[in-house]
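Read the structure below first, then the notes.
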Amino acid sequence: MYKIALDGPSGSGKSVMARAVSKQLNILYVDTGALYRAIGLYMFRNEIDVSDSEKVISNLKNINLELAQSEEGQVVLLNGENVNKDIRLPEISMYASKVSAIPKVREFLLDIQRNTAKKNNVIMDGRDIGTVIFPDAEVKIFLFASDEIRAQRRYKELIEKGIETTYEEVLSDMLKRDENDRNRAVAPAVPADDAVMLDSSYLNIDQTISEIIRIIREKINL
Ligand code: DC
């Protein structure tokens, strides 16, 4: 069994790349951001103030999260409900980022993430996969791109989904969230010392996938 950790900031292209690589190598893809988003969504729906970490923590006992696989890939079940669509709403991003800074929330999600790699080869995308979840991952890649390019990609993605927003709004939300994710005390979104740094600013999707596959082949005998 092997584990590929793909970390990086929002809009760096992690999910697109991880999905493509998982298809190519026929391995499991786990999107860990979706778990933080599901907890954020629960707090949003129940009008819980996410700056009040005690309140958030006391609500964790009401949350049951499961990861399932369907034809379209990963499905997140929040107390049995498929929340794949709702967790992608832009207002949930900051909720996810806020709850992700609470150590007890991160602890709550440890097992569900680690269990996925027990029976499968896996590529997992997130912020702390190479540093905390799988410090022993066979491959660690930190994918990044310039702020402007990441914001353009995210803007395009949201518009294509029919979500109304502006480029400026996307850029400013993204920078706020990055700052929050990078500067938190626990599991900050920073590269592992042994991660391979990959700048996707001037690579298209196919080039980035090829580069990732090349890095993987250097580390594991596929
Ligand atoms: O990858 P994403 O945008 O769906 O992640 C949503 C938030 O969850 C992000 O702002 C930071 C947090 N997150 C995290 O702290 N650790 C992870 N492994 C994945 C996401």
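Computed from the coordinates by the stated procedures, all read-outs in this text should not be read as laboratory data. Please read all numbers here as calculations on a predicted model, not as lab measurements. Glycine also receives a Cβ, built like all others from the backbone with ideal geometry; neighbour counts cover every protein chain displayed.
The stretch between LEU89 and GLU47 holds 13.5 nm of extra length on full extension. This uses 0.36 nm per residue minus the Cα-Cα distance.
Assuming a ≥ b ≥ c are the square roots of the Cα gyration tensor eigenvalues, decide whether segment 1-132 counts as rounded (a/c under 1.5), prolate (otherwise, with a/b larger than b/c) or oblate. Note, shape of segment 1-132 comes out prolate. Of the GluC sites (Glu not before Pro) found in segment 91-188, those in coil by DSSP whose Cβ has at most 16 other Cβ atoms within 10 Å are GLU138, GLU164. Qualifying trypsin sites (Lys or Arg not before Pro) in segment 154-192, where qualification requires a DSSP coil assignment and no more than 14 other C-beta atoms within 10 Å, comprise LYS161. Fully extending the segment from LYS156 to ASN62 would add 30.3 nm, taking 0.36 nm per residue of separation and subtracting the current Cα-Cα distance. Gain on full extension, evaluated as 0.36 nm per residue between ASP111 and SER201 minus their Cα-Cα distance, stands at 29.1 nm.
Sparse packing (at most 16 other Cβ atoms within 10 Å of the Cβ) combined with a DSSP loop state is found for the following trypsin sites (Lys or Arg not before Pro) in segment 22-104: LYS85.
Relative contact order, whole percent, for the chain stands at 33, derived from Cα pairs under 8 Å and 6 or more residues apart.
Counting charges near LEU175 (Lys, Arg +1; Asp, Glu -1) among other residues having Cβ under 13 Å from its Cβ returns a value of -3.
Computed over neighbours whose Cβ is under 12 Å from that of ILE87, the net charge equals 0, Lys and Arg +1, Asp and Glu -1.
Between LEU175 and GLN69, the simple spin-label model (points 7 angstrom out along Cα→Cβ) gives 4.1 nm.
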